[in-house]
Amino acid sequence: MPTTLFLLLLACGFDQGSGVYDRLRFDDQDPGMVNGFSGQFEQNTMGVSGSLNPYQNAISQAWGGGQFVQSLFVSFRSQMYSGGNLGSQSTVVEWTQIGSGKYKILKELGAGAYGTVYLAEDQSGNKVAIKVPKELRGHLKALPGLEAKHEIQMLKLMENNPWAVRILNHDDITIEAFPKIVLEYTPYGSLRDQLGKKQKTVGQRISCAFKLMKDAAVGLVPMKIVGTGNQENEVKMVVRHDMAHGDVKPDNVLVFKNNNRVVFKTADWGSAHLTTDTTWDELKGTPAYMAPEVLETGGLCSGTACDVWSTAMTVIDIIRDAKDNFEPCKMLADQNFNCINVFHIGGAVQQWFSKSEQDKMKQIQERVIKPSFGQSKHDKIPYLEYYLLWMLRNATDPNKQRMTWNDVAFNIKNEWTEECTPALFDER
């Protein structure tokens with residue numbers, strides 16, 4: 001197993017007292033404001049509008065022993081966005097000033113090691129989510145504020161992308177040490193909240209899997225309006241592909257409903273970064289969804305290819321659609337690895353890399369498709385198998401490279417997503 005992988009998971013942070021883990025590295029740095037757009041290409045986009053504990057004593061007897069928990073590698077911090085079930089739900093009726101706006105706090109939605117998210121109303125009565133960084137003690141004191149500033153910068157880059165969670169307001173990051181962030185709110189929560197909540201047919205699960213792929217293909221790239229097109233409702237966009245989210249997983253995909261359709265929006269941009277940013281702190285992410293090359297290099301998501309892998313792993317959760325079915329290795333490993341420690345993860349990574357295309361496809365069929373769909377002969381299953389194989393390829397293989405976001409966006413047909421309807425998702 002690579003030494004960097006061992007150091008990554010050893011350094012991620014263990015709080016034996018509270019059992020709280022967060023993906024933030026302890027010497028996290030503020031990468032500063034992002035300047036300009038690079039790696040651009042233009043396209044016309046029709047109708048774009050502006051509108052738990054992962055490690056709790058789980059690392060083997062050699063590291064102190066203890067029980068493995070179902071929430072292994074699931075970050076408290078990202079669950080706050082969906083509301084989750086971590087909040088006290090107590091009503092805290094008070095007004096708070098954020099930027100130029102005032103907001104009435106209604107209740108706590110969730111709390112983690114580095115911040116708390118509240119449900120609130122603006123002065124027009126619209127519901128919003130407000131993320132408030134915590135003020136910690138000692139050498140960790142500044143970290144929540146630094147990450148909040150970084151997340152604001154990333155969200156500002158995404159503000160023209162209707163498939164990303166919108167930032168509505170924020171404190172002045174040049175003045176406030178711990179700026180609050182106002183975000184759009186969804187009562188339907190995250191994909192994690194929705195897993196196993198409502199029974200779905202084989203066709204509906206496949207349709208939602210393809211829907212996630214298509215929404216992620218555009219929701220994970222910044223867009224900039226550069227002019228108005230010649231046709232009604234057409235805007236000319238600059239789309240960049242030099243940005244990595246770094247922590248795609250069901251917790252960070254929120255469910256919205258718009259014009260009688262489902263929209264999956266990406267959230268929690270605290271791990272996002274420009275791939276050209278040399279100051280970026282690489283020790284972020286959630287190992288269960290990390291691409292093999294990310295695990296091998298110590299946790300550095302250096303491009304969009306790692307987000308493609310993480311999206312495929314999230315798709316597998318949609319296919320299974322089980323509330324309590326958590327498997328850190330997913331299809332990566334056979335029965336010899338269960339990924340309850342860094343040695344198993346390293347072994348699973350090496351095993352997956354060593355397989356032929358045929359063996360990888362067989363493993364996808366045996367460990368994902370058959371357990372999820374049984375003997376179903378649905379005509380889209382072969383396409384789903386193929387897309388998973390394509391998205392889970394080696395990113396560095398010159399002959400059989402991993403799928404790109406362009407491949408996803410332009411090859412998945414819209415009709416494949418039509419069975420993923422709003423009726424499948426209830427309020428939390």
### Task
Would you check if Leu295 is at pLDDT below 80 and in a loop (DSSP other than H, G, I, E, B)?
no
## Note on the structure
Picked from segment 373-428 (must be closer than 15 Å to Asp215 by Cβ and aromatic (Phe, Trp, Tyr)), the residue surrounded by the fewest Cβ atoms within 10 Å (Cβ to Cβ) is Phe410
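Looking at this structure, is Ala305 small (Gly, Ala, Ser), farther than 17 Å from Asp242 by Cα, at pLDDT 75 or above and buried (at least 21 other Cβ atoms within 10 Å of the Cβ)?
Values: small (Gly, Ala, Ser): yes; farther than 17 Å from Asp242 by Cα: no; at pLDDT 75 or above: yes; buried (at least 21 other Cβ atoms within 10 Å of the Cβ): yes.
When the stated conditions are applied, Ala305 does not pass them.
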### Summary
Residues in segment 344-370 that are surrounded by 17 or more Cβ atoms within 10 Å (Cβ to Cβ), in contact with a helix residue (DSSP H, G or I) (Cβ under 8 Å, 6 or more places away or on another chain) and over 17 Å from Ile316 (Cβ atoms) total 1
### Message
Of everything in segment 331-365, what is within 16 Å of Val294 (Cβ to Cβ) and modelled with pLDDT of 75 or more? Give them in sequence order.
### Response
Ala348, Val349, Gln350, Trp352, Phe353
### Task
For segment 194-204, enumerate the residues that are surrounded by fewer than 23 Cβ atoms within 10 Å (Cβ to Cβ) and in a helix (DSSP H, G or I).
Val202, Gly203, Gln204
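The values are calculated or read from the model by the stated rules, or taken from the named source; none is laboratory data. Only a predicted model underlies this, so the values are computations on that prediction, with no experimental measurement involved. Using ideal geometry, Cβ is built from the backbone for each residue, glycine included, and neighbour counts are taken over all protein chains shown.
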